[in-house]
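Worksheet for the structure shown next.
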Ligand code: ADP
Ligand code: MG
């Protein structure tokens, strides 16, 4: 009888919540008994019980009301699997009323799994504030990061969200925050984790039945640093878990630091409730480094490695490589390697040669795809949107600009360009070219953007 009641409840619930959530949270539940209007279900952990109470109790009650009438009551039995318990002993079911809390004496914990997690969370000691050069492009982010590192969880910068394009120093900065806190107070529990790793850990925990260990582990930290949250895009279950962890930590006054490759408002495929929390604290961006900043970074790097490179060469590199700091470092490393292998001095000639190779390696030919990617990155829109039907203003502009460069930088015909932008007509492409020309003439800001993009695209063809 209780099986049937529960089955009907499940049908009711499954129609009202996302499939993934249903699978995660309802499939593991066992119906235990029904006595008059009380249904008892068995859940595999204390955490499970909390999660359901927090997120799904409403829908369960509705389901039960239709099955057992308006006075229906739900009771939980938390049965922790033996294998997950610390120490020996048989599992003891514990009961509670639907309003009271469940009394569990033992936490479900999988020490091996936690050890595995711990081994994964190391900070890289080379990323410090000391070697994080300050400039106009990172001043706000750096000083906010520094403030957070002095008083984690206490400033209003919680969460601290750092965003910016690839290679602009997000990881370095948030690692520096972690290292700084650690050096001041080694007892603080700090976790740095890339979102991709976080996702994989979560999936592993689902596989080996240790979701609760996973959650407990993250709920116990003092500082959580989650790198590249854009990776959580469309990963509903992971977002759900992170949402829960986030709330717990934030309420407990623990510091959360995150990075993303775009502004929170542009994070598509992330739940709105999560994104809105990202904006609770401070959001600071990292921008492309200026020439002076690039010079400073190169000089620092050269000093660290104790290499002699003429200023003229450094200037040439700083001038030519204007995309991001990672690329800049890459060029210097190659240059040094080249010089030491061939036993020649680093001079302008060599620099030009090395740069030419590197630039070619990165991308030999500018194609429509590359243009679309560069332009959509620049305007912070999705590349796919350029090919989609949407007429949102910022997307229309990005699309037109990408068409414009496709005409200028490739040999594609108007028809072919239209085809690459979601099968549009060649007259649409003509219209795009005209309106870009028009805007270049009338809008200084727009003209600046086009010039910037030109530089980026040209660098690849040089
Ligand atoms: P992101 O995470 O934004 O892709 P990283 O933090 O990995 O970028 O930075 C790329 C490289 O540039 C790293 O080697 C980092 O040390 C270096 N870097 C970035 N910003 C700075 C800075 N302001 N000063 C010194 N080095 C920097
Ligand atoms: Mg990074």
Can you tell me which residue within region 28-68, out of those that are under 21 Å from residue 235 (Cα atoms) and surrounded by fewer than 17 Cβ atoms within 10 Å (Cβ to Cβ), is modelled with the highest pLDDT? 28
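For every residue, the table says whether it meets (1) at pLDDT below 90; (2) more than 27 Å from residue 188 (Cβ to Cβ); (3) touching a helix residue (DSSP H, G or I) at 6+ places or on another chain (Cβ under 7 Å).
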position: 227; (1), (2), (3): no, no, yes
position: 233; (1), (2), (3): no, yes, no
position: 250; (1), (2), (3): no, no, no
position: 258; (1), (2), (3): no, no, yes
position: 261; (1), (2), (3): no, yes, yes
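Mind checking which residues of region 181-192 are surrounded by 20 or more Cβ atoms within 10 Å (Cβ to Cβ) and either within 12 Å of ligand 2 (Cβ to nearest atom) or more than 18 Å from residue 249 (Cα to Cα) (or both)? Let's see the steps before the verdict.
Kept after step one, since they are surrounded by 20 or more Cβ atoms within 10 Å (Cβ to Cβ), are these residues of region 181-192: 181, 190-192.
The answer is 192, and nothing else.
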Looking only at region 217-232, which residues are away from ligand 1 (no atom under 16 Å from the Cβ) and surrounded by fewer than 19 Cβ atoms within 10 Å (Cβ to Cβ)? 219, 220, 222
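On the basis of being away from ligand 2 (no atom under 16 Å from the Cβ), assigned by TED's automatic domain parsing to the domain that holds residue 189 and either surrounded by fewer than 24 Cβ atoms within 10 Å (Cβ to Cβ) or at pLDDT below 95 (or both), does residue 151 make the cut?
Numbers: away from ligand 2 (no atom under 16 Å from the Cβ): yes; assigned by TED's automatic domain parsing to the domain that holds residue 189: yes; either surrounded by fewer than 24 Cβ atoms within 10 Å (Cβ to Cβ) or at pLDDT below 95 (or both): yes.
Judged against the criteria, residue 151 is a match.
Given the criterion buried (at least 19 other Cβ atoms within 10 Å of the Cβ), more than 28 Å from the chain's Cα centre (by Cα) and either within 30 Å of residue 231 (Cα to Cα) or in the same structural domain as residue 452 (by TED's automatic domain parsing) (or both), identify the matching residue among 325, 332, 309.
Details: 325 fails: more than 28 Å from the chain's Cα centre (by Cα); 309 fails: either within 30 Å of residue 231 (Cα to Cα) or in the same structural domain as residue 452 (by TED's automatic domain parsing) (or both).
None of the others qualify; the one that does is 332.
Among the residues in region 208-223, are any within 16 Å of ligand 2 (Cβ to nearest atom) and in contact (Cβ under 8 Å) with a residue 12 or more places away in the chain? Let's see the steps before the verdict.
Taking region 208-223 first, the residues within 16 Å of ligand 2 (Cβ to nearest atom) are none.
No - not one qualifying residue is present in region 208-223.
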Top-ranked residue of region 280-296 - restricted to ones that are surrounded by fewer than 21 Cβ atoms within 10 Å (Cβ to Cβ) and in a helix (DSSP H, G or I), ranked as nearest to the chain's Cα centre (by Cα): 293
Residue hits (region 6-27; at pLDDT 85 or above and part of a loop (DSSP other than H, G, I, E, B)) are 15, 16, 17, 27
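So which of 190, 181 is away from ligand 1 (no atom under 12 Å from the Cβ), more than 17 Å from residue 132 (Cβ to Cβ), assigned by TED's automatic domain parsing to the domain that holds residue 233 and in contact with a helix residue (DSSP H, G or I) (Cβ under 6 Å, 6 or more places away or on another chain)?
On the way: 181 fails: more than 17 Å from residue 132 (Cβ to Cβ).
It is 190.
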Taking region 233-247 and the residues there that are closer than 16 Å to residue 276 by Cβ and touching a residue at least 40 places away in the same chain (Cβ under 8 Å), the one that is nearest to ligand 1 (Cβ to nearest atom) would be 242
Write out, first by first residue and then by second, each pair whose Cβ atoms fall under 6 Å of each other, whose residues are 6+ apart or on separate chains, and whose first residue, in region 248-263, is within 16 Å of ligand 1 (Cβ to nearest atom) while the second is in a helix (DSSP H, G or I). 257/174; 257/177; 258/229; 259/170; 259/174; 260/229; 260/230; 261/230
Report, by residue number, each residue of region 217-252 that is over 23 Å from residue 55 (Cβ atoms) and more than 13 Å from the chain's Cα centre (by Cα). 222, 223
Take the residues of region 312-322 that are closer than 19 Å to residue 136 by Cα and within 16 Å of ligand 1 (Cβ to nearest atom): which is surrounded by the fewest Cβ atoms within 10 Å (Cβ to Cβ)? 322
Six or more apart or on different chains, Cβ atoms under 8 Å: show the pairs whose first residue is in region 359-378 and within 25 Å of residue 163 (Cβ to Cβ) and whose second is surrounded by fewer than 18 Cβ atoms within 10 Å (Cβ to Cβ) and modelled with pLDDT under 70. 370/363
Flag for residue 372 being at pLDDT 95 or above, touching a helix residue (DSSP H, G or I) at 6+ places or on another chain (Cβ under 9 Å) and either more than 30 Å from residue 308 (Cα to Cα) or in a helix (DSSP H, G or I) (or both): no
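Which count do you get for residues in region 415-462 that are part of a loop (DSSP other than H, G, I, E, B) and either more than 30 Å from residue 355 (Cα to Cα) or in contact with a strand residue (DSSP E or B) (Cβ under 7 Å, 6 or more places away or on another chain) (or both)? Talk me through it step by step, then tell me what you get.
At the first step, the residues of region 415-462 found to be part of a loop (DSSP other than H, G, I, E, B) are 421-425, 443, 462.
Adding the requirement that they be either more than 30 Å from residue 355 (Cα to Cα) or in contact with a strand residue (DSSP E or B) (Cβ under 7 Å, 6 or more places away or on another chain) (or both) leaves 421-425, 443.
The total comes to 6.
The values are calculated or read from the model by the stated rules, or taken from the named source; none is laboratory data. If you're wondering where the values come from, they're calculated on a predicted model, not measured in any experiment. All Cβ positions, even for glycine, are placed from backbone atoms using ideal geometry, and neighbour counts span all protein chains on display.
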